[in-house]
Amino acid sequence: MATALYSTHCRSLATSSSSSSLQPSPLSSNLAYLQRLTFSQRFLPSKVSLKSQPQTYQIPVLTQQQEGTVAAAVTPVENGTSHKQLKPDLLSVKSPEESRAEDGFEKDENESSVSITVVGASGDLAKKKIFPALFALYYEDCLPKHFTIYGYARSKMTDAELRNMVSKTLTCRIDKRENCNEKMDQFLKRCFYHSGQYDSQENFAALDKKLKEHEGGRTSNRLFYLSIPPNIFIDAVKCASLSASSGNGWTRVIVEKPFGRDSDSSAALTRSLKQYLTEDQIFRIDHYLGKELVENLSVLRFSNLIFEPLWSRQYIRNVQLIFSEDFGTEGRGGYFDHYGIIRDIMQNHLLQILALFAMETPVSLDAEDIRNEKVKVLRSMRPLRLDDMVIGQYKSHTRGGVTYPAYVDDKTVPSGSLTPTFAAAALFIDNARWDGVPFLMKAGKALHNKRAEIRVQFRHVPGNLYNRNFGTDLDRATNELVIRVQPDEAIYLKINNKVPGLGMKLDRSNLNLHYAARYSKEIPDAYERLLLDAIEGERRLFIRSDELDAAWSLFTPVLKELEEKKIIPEYYPYGSRGPVGAHYLAARHNVRWGDLGTDVDQ
């Protein structure tokens, strides 16, 4: 009998080590899905490179762009249940055997375990995102019955100190508070720490020994999340592969952006990773793909008859992908200056959303079918020219008696830096569905608000009988579909309707799906979804190497031109709507930015 490692509300039931005993969940009987969950029975030596393992053995390694930083912090729901002081039993150190006995886990070699190692556990990303996401999965009963979490970093720390650090960032679901403290205590008992260097095979071998003690002879599956600077990715992957990979289960590695700075550096990183991993073992994470509204994009399009027939150049006039933050680099300038807003946001987050939006209907919901269609979109895109791009950089501005600093005022930013903190671009997809439709992107820091959204502006109604009611501004009569990814998630469609009364006065109104009003359940953080997918081996929301190559080939030429010609960015005040040049860029393509209207906050 296979052991159910995941509850049904977490999308799947896991398998035991024997594929012949696989028991499908009633909710996941699809054959392709079962094939993804099945892993090989072949056992390997415990000390073996990940590269030498069959593709069914994968090693998730998650990485962070810079140790001690978080790209876009998402504030957890505060409910006053975070631990301020750990219980005495959490401060004591127990042997793995005692921990297993206390938790009621007897050794059963037919069962499997999952060991999650957070490499770079002392950094901000680990503390603010990864550990809270893992606890949320445990809180929702989405983690396997037998799991262990290890923090690994250079800092000297005990198990108790790690638990104390982690406990300060844990919060519970707002709709399930009754057993919060108990759940936290149980989770923290599964958290341990091992100190070591990222380039030391000896230190990783010592970690391997500890993991085996906790695994207790069961089939061991291991996930590594690399929350470390990109310059030490390869060292950590090499050591994990050679000294701490699973001997009889899968090993997977989650790698987070940046995936290089251009086509050449990205290709070099991929080649280095594949010296120790197969492609199926590499999980390149883009946390924006884990956001609820981005995942809902394909559902909205492919399961609603009213949208799919309209999803083409015949009815859509333009598509806008907008990302804005209302704060600057805030001391992160050293990292940001090396990459800039184009690499940090546009080449990955926004381009991935564009590919999902514009792709053809995939053969199935299988990860490879979806990623194949995304690659086709990226390869169909017209090379980006400098004329189709505007860059900017925020400058100091005083508002309400408060002076906000310029980008170059950040002490971690080199003096006279030309790195853009704002960029807008017009992109085109040269295929039958989207020929001639401008896809406008803009992303910036220190703007007037914080938002991420997709705006689909439809064409004007031919021969509209009511044009005179809207005057000369035909854009007022244009239907627009808005998908607000964050904050305050919503989907709304702008329509024209008659105002009640005896006259013929028209009004523009919203058909609004406001998530907070419609659904009482808290929306999971993107890291929760992606971590669960990595544990389950679901790759749909992770980036394949050919996707990465196609994305970089689109942006690398214009990035090199910007840097070689030392293009001076247009300066815009901190807290403004960005450079004026962005409006001229949109106007050249007969587009008006949708986030500048009076109804953007509805």
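What the table below lists for this structure:
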item: Helices (runs of 4 or more DSSP H) lying entirely in the stretch 262-358 (those with 1 or more residues that are hydroxyl-bearing (Ser, Thr, Tyr) and touching a Leu at 6+ places or on another chain (Cβ under 7 Å)); result: 263-273, 292-302
item: Flag if TYR193 is at pLDDT 90 or above, surrounded by 23 or more Cβ atoms within 10 Å (Cβ to Cβ) and closer than 17 Å to ARG252 by Cα; result: no
item: Residue within the stretch 574-586 that is open to solvent by 10 Å² or more (accessible area, probe 1.4 Å), small (Gly, Ala, Ser), assigned to a helix (DSSP H, G or I) and closer than 30 Å to THR278 by Cα present; result: no
item: Failed item in (1) touching a strand residue (DSSP E or B) at 6+ places or on another chain (Cβ under 9 Å); (2) at pLDDT below 90; (3) over 22 Å from ASP388 (Cβ atoms), with LEU474 passing the rest; result: (1)
item: Qualifying residue in the stretch 514-527 (condition: open to solvent by 50 Å² or more (accessible area, probe 1.4 Å) and closer than 24 Å to HIS448 by Cα); result: yes
item: Boolean, LEU502 is at negative phi and assigned to a loop (DSSP other than H, G, I, E, B); result: yes
item: Among the residues listed as LEU506, LEU585, the single one being among the hydrophobic types (A, V, I, L, M, F, W, C) and either under 30 Å from GLU373 (Cα atoms) or assigned by the TED database to the domain that holds THR171 (or both); result: LEU585
item: Of the criteria (1) touching a helix residue (DSSP H, G or I) at 6+ places or on another chain (Cβ under 9 Å); (2) surrounded by 18 or more Cβ atoms within 10 Å (Cβ to Cβ), which one ASN248 fails; result: (1)
item: Residue list for the stretch 319-342, filter: open to solvent by less than 20 Å² (accessible area, probe 1.4 Å) and closer than 18 Å to GLY578 by Cβ; result: GLN320, LEU321, ILE322, PHE323, SER324, GLU325, GLY328, THR329, PHE336, GLY340, ILE341, ILE342
item: Residue list for the stretch 293-318, filter: surrounded by fewer than 17 Cβ atoms within 10 Å (Cβ to Cβ) and touching a Lys or Arg at 6+ places or on another chain (Cβ under 9 Å); result: GLU295, PHE307, GLU308, SER312, ARG313, GLN314, TYR315
item: Some residue of the stretch 217-233 being modelled with pLDDT of 90 or more, over 20 Å from the mean Cα position of the chain (by Cα) and open to solvent by 10 Å² or more (accessible area, probe 1.4 Å); result: no
item: Check on ASN181, touching a Phe, Trp or Tyr at 6+ places or on another chain (Cβ under 9 Å) and open to solvent by 20 Å² or more (accessible area, probe 1.4 Å); result: no
item: Filter pass, ASP175 being open to solvent by 20 Å² or more (accessible area, probe 1.4 Å), outside any helix (DSSP H, G or I), at pLDDT below 90 and on the phi > 0 side of the Ramachandran plot; result: no
item: Test: residue in the stretch 408-415 that is in the same structural domain as ARG317 (by the TED database) and within 23 Å of ILE322 (Cα to Cα); result: no
item: Listing of strands (runs of 3 or more DSSP E) fully contained in the stretch 366-430 that carry 2 or more residues being among the hydroxyl-bearing types (Ser, Thr, Tyr); result: 402-404
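The values are calculated or read from the model by the stated rules, or taken from the named source; none is laboratory data. For clarity, every value in this text was computed on a predicted model and none was experimentally measured. Ideal geometry is used to build each Cβ from the backbone, glycine not excepted, and the neighbour counts take in all protein chains shown. With ligands, DNA and RNA removed, areas are computed over all heavy atoms of the protein, side chains included. Shrake-Rupley method; radii C 1.70, N 1.55, O 1.52, S 1.80 Å.
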